[in-house]
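The values are calculated or read from the model by the stated rules, or taken from the named source; none is laboratory data. Note that the structure is predicted; figures quoted are calculated from it, not measured. Cβ atoms come from the backbone with ideal geometry, glycine included; neighbour counts cover every protein chain shown.
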Amino acid sequence: MTARLYPFAEAMALGLGVLRLSPEAFWAMTPRELEAALGGATGRAFRAVPSRQDLDALMQRFPDTPNKDRQT
């Protein structure tokens, strides 16, 4: 298996040119963060809306109940 080089020129063009990030912000990002930012900017970050069944399962797993140990 051969290693692929990261496409820095394309990443810089998208991050600095399209997203208009400052150089500091761009170089502080991980490739995954850059991908997420691009997905948000292009509308591709939200591929599918969760079904009602998926939402119910998440609500069961993570209920919105106050944490007795947490001070407010």
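Numbers below:
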| quantity | calculated |
| --- | --- |
| Every residue from the stretch 1-31 that is under 19 Å from the mean Cα position of the chain (by Cα) and either surrounded by 14 or more Cβ atoms within 10 Å (Cβ to Cβ) or β-branched (Val, Ile, Thr) (or both) | Ala11, Met12, Leu14, Gly15, Leu16, Val18, Leu19, Leu21, Ala25, Phe26, Met29, Thr30 |
| Breaking point among (1) outside any helix (DSSP H, G or I); (2) modelled with pLDDT of 90 or more, for Met1 | (2) |
